[in-house]
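This report concerns only the one structure given below.
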Amino acid sequence: MHALDVLHQRVSSPKLTEPAPSDAQRDAIYRAALRAADHGLMQPWRFLVVEGEGLDRLGDLFVQAALKDAPDTPEPDQQSLRAKPRRAPLILVAIAACRQNPKVPHVEQLISAGAAVQNMLNAAFAQGVGAFWRTGAMTYHPVVNEGLGVGELEQIVGFLYLGTPAKPPQPPKSVNPETFFHPWPGQ
């Protein structure tokens, strides 16, 4: 697929199934992450690869976090949380691995990690791999962060779900660039 076609046509695939990306597809996705914009060449990111039994353990971690906040969380809600990681055969937990740097502020490192995730979404789409990027309460929950070994200066920027699209992706909605791009100074 031509690079501009990927950038102009990429959409998320919210319904995923087996199989997970192949080793070759994963390698291309991982390499794309490492080409993200990166002030100071700090590579302020790391990724946890979660699949198989790890998906169940991540679901258990989500339940632990919910019970910490609300010990009376109903069983159906617990089961829903436990099942969330099983929405895809593979999840990459994207972590902004920020470090103190007098020239590269924390926010730039965080944005760079986000750019790495966007590159992975584009690489997945280019190969026909379904993907969607999720955040939500579990992304920021201290129990989840501790359970995943997120360090003091680190921050989860999202969970990248990867798999085979359960149905062909819908074409993107048309958006007029003039809605978002304006000359400056104004006329």
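The values are calculated or read from the model by the stated rules, or taken from the named source; none is laboratory data. Keep in mind the model is a prediction, meaning the values are calculated, not measured. Glycine gets a Cβ as well: all are built from the backbone with ideal geometry, and neighbour counts include every protein chain shown. Accessible surface is based on the protein model in full, side chains and every heavy atom, while ligands, DNA and RNA are left aside. Shrake-Rupley method; radii C 1.70, N 1.55, O 1.52, S 1.80 Å.
When you go through (1) touching a Ser or Thr at 6+ places or on another chain (Cβ under 7 Å); (2) farther than 23 Å from Phe125 by Cβ one by one for Pro19, which number turns out not to apply?
Condition (2) is where Pro19 drops out.
What pairs come out if I take residues in the stretch 56-69 that are closer than 18 Å to Pro89 by Cβ and of a type in the set (Val, Ile, Thr) and pair them with residues that are open to solvent by less than 60 Å² (accessible area, probe 1.4 Å) and in a helix (DSSP H, G or I) whose C-beta lies under 8 Å away, six or more apart or interchain?
Between residues of the stretch 56-69 that are closer than 18 Å to Pro89 by Cβ and of a type in the set (Val, Ile, Thr) and residues that are open to solvent by less than 60 Å² (accessible area, probe 1.4 Å) and in a helix (DSSP H, G or I), there is no close pair.
I'd like the full set of residues that are closer than 28 Å to Val107 by Cβ and open to solvent by 40 Å² or more (accessible area, probe 1.4 Å), limited to the stretch 126-151. Steps first, answer last, please.
Step one: of the stretch 126-151, the residues closer than 28 Å to Val107 by Cβ are 131-151.
Residues satisfying the conditions are Trp133, Arg134, Thr135, Ala137, Tyr140, Pro142, Glu146, Gly147, Gly149.
In the stretch 162-187, what residues are among the hydroxyl-bearing types (Ser, Thr, Tyr) and touching a Ser or Thr at 6+ places or on another chain (Cβ under 9 Å)? Before the answer, list the steps.
The first filter runs over the stretch 162-187 and keeps only residues among the hydroxyl-bearing types (Ser, Thr, Tyr), leaving 164, 174, 179.
Once the filter is applied, which keeps residues that are among the hydroxyl-bearing types (Ser, Thr, Tyr) and touching a Ser or Thr at 6+ places or on another chain (Cβ under 9 Å), the stretch 162-187 yields only Thr164.
Does at least one position in the stretch 86-94 carry a residue that is in contact (Cβ under 8 Å) with a residue 24 or more places away in the chain and more than 22 Å from the chain's Cα centre (by Cα)? Reasoning before the result, please.
If we filter the stretch 86-94 for residues that are in contact (Cβ under 8 Å) with a residue 24 or more places away in the chain, which is where we start, we get 86-94.
From what is left, the residues that are more than 22 Å from the chain's Cα centre (by Cα) are none.
No: the stretch 86-94 contains no residue that is in contact (Cβ under 8 Å) with a residue 24 or more places away in the chain and more than 22 Å from the chain's Cα centre (by Cα).
Given the conditions (1) within 25 Å of Gln155 (Cβ to Cβ); (2) out of contact with any Pro (no Cβ under 7 Å at 6 or more places or on another chain); (3) without any contact (Cβ under 8 Å) to a residue 60 or more places away in the chain, report the number of the one that Asp77 does not fulfil.
The number of the failed condition is (1).
Let's see how each residue does on (1) open to solvent by less than 50 Å² (accessible area, probe 1.4 Å); (2) β-branched (Val, Ile, Thr); (3) touching a Phe, Trp or Tyr at 6+ places or on another chain (Cβ under 8 Å):
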{"position": "Thr17", "(1), (2), (3)": "no, yes, no"}
{"position": "Ala20", "(1), (2), (3)": "yes, no, no"}
{"position": "Leu41", "(1), (2), (3)": "no, no, no"}
{"position": "Val50", "(1), (2), (3)": "yes, yes, no"}
{"position": "Ile95", "(1), (2), (3)": "yes, yes, yes"}
{"position": "Gln100", "(1), (2), (3)": "no, no, no"}
{"position": "Lys103", "(1), (2), (3)": "no, no, no"}
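Being more than 30 Å from Pro168 (Cβ to Cβ) and within 13 Å of the chain's Cα centre (by Cα): is that true of Arg99 here? Outline the logic, then answer.
Numbers: more than 30 Å from Pro168 (Cβ to Cβ): yes; within 13 Å of the chain's Cα centre (by Cα): no.
Considered against the rule, which asks whether it is more than 30 Å from Pro168 (Cβ to Cβ) and within 13 Å of the chain's Cα centre (by Cα), Arg99 comes out as no.
If I filter the stretch 55-69 for residues that are modelled with pLDDT of 95 or more, part of a loop (DSSP other than H, G, I, E, B) and open to solvent by less than 80 Å² (accessible area, probe 1.4 Å), do I get at least one hit? Walk me through how you get there before you give the answer.
Taking the stretch 55-69 and keeping what is modelled with pLDDT of 95 or more, we get 55-69.
Narrowing the set further to residues that are part of a loop (DSSP other than H, G, I, E, B) leaves none.
No, there is no match, as no residue in the stretch 55-69 is modelled with pLDDT of 95 or more, part of a loop (DSSP other than H, G, I, E, B) and open to solvent by less than 80 Å² (accessible area, probe 1.4 Å).
Among the residues of the stretch 27-51, which ones are touching a residue at least 60 places away in the same chain (Cβ under 8 Å) and part of a helix (DSSP H, G or I)?
Selection gives Ala28, Ile29, Tyr30, Arg31, Ala32, Ala33, His39, Gly40.
Taking Glu154 as the residue in question, decide whether it is open to solvent by less than 80 Å² (accessible area, probe 1.4 Å), out of contact with any Lys or Arg (no Cβ under 9 Å at 6 or more places or on another chain), acidic (Asp, Glu) and touching a residue at least 12 places away in the same chain (Cβ under 8 Å). Lay out the reasoning, then the answer.
Numbers: open to solvent by less than 80 Å² (accessible area, probe 1.4 Å): yes; out of contact with any Lys or Arg (no Cβ under 9 Å at 6 or more places or on another chain): no; acidic (Asp, Glu): yes; touching a residue at least 12 places away in the same chain (Cβ under 8 Å): yes.
So Glu154 fails the test.
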